[in-house]
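The values are calculated or read from the model by the stated rules, or taken from the named source; none is laboratory data. Just so you know, these numbers come straight off a predicted model, no measurement behind them. Cβ atoms come from the backbone with ideal geometry, glycine included; neighbour counts cover every protein chain shown.
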Amino acid sequence: MAMASDFYLRYYVGHKGKFGHEFLEFEFRPDGKLRYANNSNYKNDVMIRKEAYVHKSVMEELKRIIDDSEITKEDDALWPPPDRVGRQELEIVIGDEHISFTTSKIGSLIDVNQSNYNKEPDGRGTQLTECM
């Protein structure tokens, strides 16, 4: 298992539309800091930003989930690129591995079934999307 200094996780999903740039983003930093941001201009909402430190057991569980999922073996080459609907980003540093995925915003499992996610030889695309 990777040491705390060898771990970073960031997830972003968002789009630019009628209400401007709306997004949700969170990251877990090596020191255990969790940062969260949610920006929705719907009904003039303001951006929500929160920070907290999580226990090392939470960090270890995140690492375990990532290791078990084998997501670091994935390749986003066949995934749909970001489009007018939006984009998702997933960045992970674990040990000496660093991955960064970018794809379109996915609204449902139907979107997955109609995309290139399911054309991957091992069929992990659907499983990966269910995690995201």
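Overview of values
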| quantity | calculated |
| --- | --- |
| Within the range 97-114, tally of residues that are under 16 Å from the mean Cα position of the chain (by Cα) and not in a strand (DSSP E or B) | 5 |
| Qualifying residue in the range 18-41 (condition: surrounded by fewer than 13 Cβ atoms within 10 Å (Cβ to Cβ), in contact (Cβ under 8 Å) with a residue 12 or more places away in the chain and more than 21 Å from Gly107 (Cα to Cα)) | yes |
| Qualifying residues in the range 57-96 (those that are under 12 Å from Leu9 (Cα atoms) and assigned to a strand (DSSP E or B)) - the one farthest from the chain's Cα centre (by Cα) | Ile94 |
| Qualifying position, being among the small types (Gly, Ala, Ser) and modelled with pLDDT of 95 or more, among Gly32, Gly20 | Gly32 |
| Odd one out for Thr103 among (1) of a type in the set (Val, Ile, Thr); (2) surrounded by 14 or more Cβ atoms within 10 Å (Cβ to Cβ); (3) within 23 Å of Leu34 (Cβ to Cβ) | (3) |
| So Arg10, is it in contact with an Asp or Glu (Cβ under 6 Å, 6 or more places away or on another chain) and at pLDDT 95 or above | yes |
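Per-residue answers, yes or no, for (1) of a type in the set (S, T, N, Q); (2) modelled with pLDDT of 95 or more; (3) loosely packed, with under 13 Cβ neighbours inside 10 Å:
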| residue | (1), (2), (3) |
| --- | --- |
| Ala52 | no, yes, yes |
| Ser57 | yes, yes, yes |
| Asp75 | no, no, yes |
| Pro81 | no, no, yes |
| Glu91 | no, yes, no |
